[in-house]
Amino acid sequence: MTPHNEAKKGDYAETILLPGDPLRAKWIAENFFENAKLVNRVRNCLGYTGYWKGQRVSVQATGMGQPSAAIYIHELLETYAAKNLIRVGTCGGLSKKVKLRDVIIAMSATTDSSMNDCFLPYHYAPFADWDLLEIAVRLAKSRGYKTHVASVVSSDIFYVPNGVKSYGELPNHDVLAVEMEAAALYTLAKRFNARALTICTISDCLVSGEQIGAKERQTSLKNMVELALDSALELYGSEG
Ligand code: HPA
C-alpha cells in the first residue's frame with residue numbers, strides 16, 4: 001500500500017497501461033482484459049489487473065500532468081515493481097507535418113517542467129525504451145496507422161496564451177506534438193531500470209484549430225490500447 005494506492009504487492013502485472021482518465025482505465029479493463037479485477041480506487045484513480053491474450057497486464061490512471069502522473073508512476077515502479085509502462089493518450093499537433101488522428105510514438109520528451117531540475121540539473125533528455133519503441137513502431141506501421149516517431153513536449157500548461165506560437169522553435173526541431181506526462185514517465189522509468197513508451201493520437205491541432213470528436217477519440221484509443229498490449233506481448237515473447 002502507498003498513500004495513493006490501496007493495492008497489495010503483487011496486485012499489478014509487470015506491464016501497465018497508463019491513461020490519464022480513470023474512466024478510460026475502467027473502459028480499457030472492461031473492454032480488453034479477461035478476468036479484470038479492480039486493484040485501486042483511492043481518489044477514484046482507478047487501477048485494474050487482468051489478462052490480454054494470456055498475458056497478465058494492468059492499467060492504472062495517472063490523472064493529468066506530470067506531478068500527478070509522477071506520483072502514480074513512482075509508486076508503481078518502487079512499490080509494485082512495474083517493468084513495462086506504456087502511456088496511451090492524446091496530444092496536440094504542433095506542426096504541419098502531423099495531422100489529426102495520426103499516431104505519435106514519442107522517442108523522447110522535451111519539457112518545460114522544472115521537476116527534473118531538482119534532481120537532474122543537466123537538462124536531462126528523457127527518452128523511451130528502444131525495444132518497446134521498435135516493436136510498437138513496426139506494429140503500428142503494419143496496421144496502417146499513420147505513425148510519426150518524434151519528440152513530444154510534455155508541458156505543465158494546457159491553456160497556453162498564444163496557441164502554437166507558445167512553443168516557439170520546438171516544432172522546427174521536430175518536436176511535433178504537446179502532451180503532459182511523457183517526460184516524467186521516461187525519467188522515472190530510467191531511474192527504476194524499467195521500460196517506458198508513450199503512444200498518443202493527435203486529438204487537436206494547434207496549427208489549424210481542428211479537433212476530433214468524442215467517438216473518434218474512442219476509436220483511436222482502441223487502436224492504441226491494442227498496439228500497446230500487443231507490443232508488450234511481443235516484448236515478452238522476444239525475452240523468452
Ligand atoms: N495540450 C496539452 N496536452 C494535450 C493537448 C494540448 O493541446 N491535446 C491533447 N493533450
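For the reader, a short list of remarks on this structure follows.
- When SER231 is tested against (1) within 13 Å of the chain's Cα centre (by Cα); (2) away from the ligand (no atom under 13 Å from the Cβ), just one condition goes unmet, and that condition is (1).
- Residue satisfying all of: in the stretch 181-192; open to solvent by 10 Å² or more (accessible area, probe 1.4 Å) and more than 15 Å from the ligand (Cβ to nearest atom); nearest to ASP112 (Cα to Cα) among these: LEU188
- For the stretch 164-180, the criterion of being more than 17 Å from LYS96 (Cβ to Cβ), within 12 Å of the ligand (Cβ to nearest atom), in a loop (DSSP other than H, G, I, E, B) and open to solvent by 20 Å² or more (accessible area, probe 1.4 Å) is satisfied by at least one residue.
- Number of the exception - LEU185 against (1) under 13 Å from the mean Cα position of the chain (by Cα); (2) closer than 19 Å to VAL98 by Cβ: (2)
- All of (1) more than 19 Å from GLU14 (Cα to Cα); (2) open to solvent by 50 Å² or more (accessible area, probe 1.4 Å); (3) in contact (Cβ under 8 Å) with a residue 40 or more places away in the chain; (4) not hydroxyl-bearing (Ser, Thr, Tyr) hold for VAL153 with one exception: (2).
- Residue list for the stretch 75-94, restricted to those being within 13 Å of the ligand (Cβ to nearest atom) and either of a type in the set (Asp, Glu) or open to solvent by less than 30 Å² (accessible area, probe 1.4 Å) (or both): ARG87, VAL88, GLY89, CYS91, GLY92, GLY93, LEU94
- Of the residues making up the stretch 33-74, those that are buried (at least 21 other Cβ atoms within 10 Å of the Cβ) and part of a helix (DSSP H, G or I) number 4.
- With respect to the conditions (1) β-branched (Val, Ile, Thr); (2) open to solvent by less than 50 Å² (accessible area, probe 1.4 Å); (3) more than 14 Å from LEU133 (Cα to Cα), THR198 lacks only one, and its number is (3).
The values are calculated or read from the model by the stated rules, or taken from the named source; none is laboratory data. Small disclaimer: the values here were computed from a predicted structure and weren't measured. Glycine gets a Cβ as well: all are built from the backbone with ideal geometry, and neighbour counts include every protein chain shown. We work out accessible area using only protein heavy atoms, side chains counted, and drop any ligands, DNA or RNA first. Shrake-Rupley method; radii C 1.70, N 1.55, O 1.52, S 1.80 Å.
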